[in-house]
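Take a look at the structure set out below.
The values are calculated or read from the model by the stated rules, or taken from the named source; none is laboratory data. These numbers come from a predicted model, not from an experiment. With ideal geometry, Cβ positions are generated from the backbone for all residues, glycine too; neighbour counts draw on all protein chains shown. Quick note on the areas: whole protein, heavy atoms, side chains included, nothing else; ligands and nucleic acids left out. Shrake-Rupley method; radii C 1.70, N 1.55, O 1.52, S 1.80 Å.
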Amino acid sequence: MSKSSPVKDILAGTAGGIAQVLVGQPFDIVKVRMQTAPKGTYSGMLSCAGGILKNEGPLAFYKGTLSPLLGIGVCVSIQFGAVEAAKRWLAKRNVEAGRGGPDGKKLSGGQLITAGVIAGLSNGVVSGPVEHIRIRLQIQGNENKIYNGPWDAVRKIYKNYGIAGIYKGQVVTLCREA
């Protein structure tokens, strides 16, 4: 393991997360639209992408991007920070137990899995609501809009369903992230 610091981990996670969102968002909206459209709406991925481009324009591929852009820096930095903190903690335990080399940093497979699970669960607390809001924004068309951006979606969902509405689907998200 190389030298790591929480600030470096968080900055690296934020930069990687932003790049991930900007590159992946067009694919994600096509996926969400195909998953939520009535059967027969699209003949495939290209049909869906072409329909979005024709009917809503190129910026439609970035619908709901603000939510993950705001959240991804937090989410990925939490994940990077948590995995590195867990690895440092496990290395310290290794030193105390006389394992993992002189500095304890040679982690076992089980220890690496443990660090990853801790990071995934830490991230899931934030990523669940971010994904929920993003999907709500992506599935609405240009007509009959329910939400006018991520903050409006949060406000309306919270008003109607409380905090449970914001965290809808959270158990599944935590299972996936772990």
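Only a single item in (1) under 29 Å from Pro150 (Cβ atoms); (2) free of Cβ contacts under 8 Å to residues at least 60 places away in the same chain; (3) in contact with a helix residue (DSSP H, G or I) (Cβ under 7 Å, 6 or more places away or on another chain); (4) of a type outside the set (S, T, N, Q) is not met by Lys31, and it is number (3). Scan region 89-109 for residues that are open to solvent by 90 Å² or more (accessible area, probe 1.4 Å), assigned to a helix (DSSP H, G or I) and of a type in the set (Lys, Arg) and the total you get is 1. Checking the stated criteria, Asp9 turns out to be under 27 Å from Gly109 (Cα atoms) and among the acidic types (Asp, Glu).
Yes or no, residue by residue, for (1) over 28 Å from Ile135 (Cβ atoms); (2) at pLDDT 85 or above:
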{"position": "Val7", "(1), (2)": "yes, no"}
{"position": "Tyr42", "(1), (2)": "no, yes"}
{"position": "Gly57", "(1), (2)": "no, yes"}
{"position": "Leu66", "(1), (2)": "no, no"}
{"position": "Val76", "(1), (2)": "no, no"}
{"position": "Ala97", "(1), (2)": "yes, yes"}
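Could you grab me the full set of residues in region 140-165 that are among the β-branched types (Val, Ile, Thr), surrounded by fewer than 16 Cβ atoms within 10 Å (Cβ to Cβ) and assigned to a helix (DSSP H, G or I)? Answer for region 140-165, where residues must be among the β-branched types (Val, Ile, Thr), surrounded by fewer than 16 Cβ atoms within 10 Å (Cβ to Cβ) and assigned to a helix (DSSP H, G or I): just Ile163. Here Gly81 passes the criteria (1) open to solvent by 60 Å² or more (accessible area, probe 1.4 Å); (2) within 21 Å of Pro6 (Cβ to Cβ); (3) assigned to a helix (DSSP H, G or I); (4) of a type outside the set (A, V, I, L, M) except the one numbered (1).
Would it be correct to say that Gln25 is open to solvent by less than 20 Å² (accessible area, probe 1.4 Å) and part of a helix (DSSP H, G or I)? Against the criterion (open to solvent by less than 20 Å² (accessible area, probe 1.4 Å) and part of a helix (DSSP H, G or I)), Gln25 qualifies. Applying the set (1) open to solvent by less than 20 Å² (accessible area, probe 1.4 Å); (2) out of contact with any Ser or Thr (no Cβ under 8 Å at 6 or more places or on another chain); (3) within 30 Å of Ile163 (Cβ to Cβ) to Ile52 leaves exactly one unmet item: (3).
Considering only region 28-40, state which residues are closer than 25 Å to Val130 by Cα, open to solvent by 70 Å² or more (accessible area, probe 1.4 Å) and not in a helix (DSSP H, G or I). Steps first, please.
As a first pass, look at region 28-40 and keep what is closer than 25 Å to Val130 by Cα: 28-38.
Remaining after also requiring open to solvent by 70 Å² or more (accessible area, probe 1.4 Å): 31, 34-36, 38.
Correct list: Pro38 only.
Here Leu112 fulfils each of the conditions (1) open to solvent by 70 Å² or more (accessible area, probe 1.4 Å); (2) over 25 Å from the mean Cα position of the chain (by Cα); (3) of a type in the set (A, V, I, L, M, F, W, C) apart from (2).
Of the residues in region 141-170, how many are hydrophobic (A, V, I, L, M, F, W, C) and without any contact (Cβ under 8 Å) to a residue 12 or more places away in the chain? I'd like the intermediate steps shown before the answer.
Initial filter on region 141-170 (hydrophobic (A, V, I, L, M, F, W, C)): 146, 151, 153-154, 157, 163-164, 166.
Still in the list and also without any contact (Cβ under 8 Å) to a residue 12 or more places away in the chain: 146, 151, 163-164.
Total satisfying the criteria: 4.
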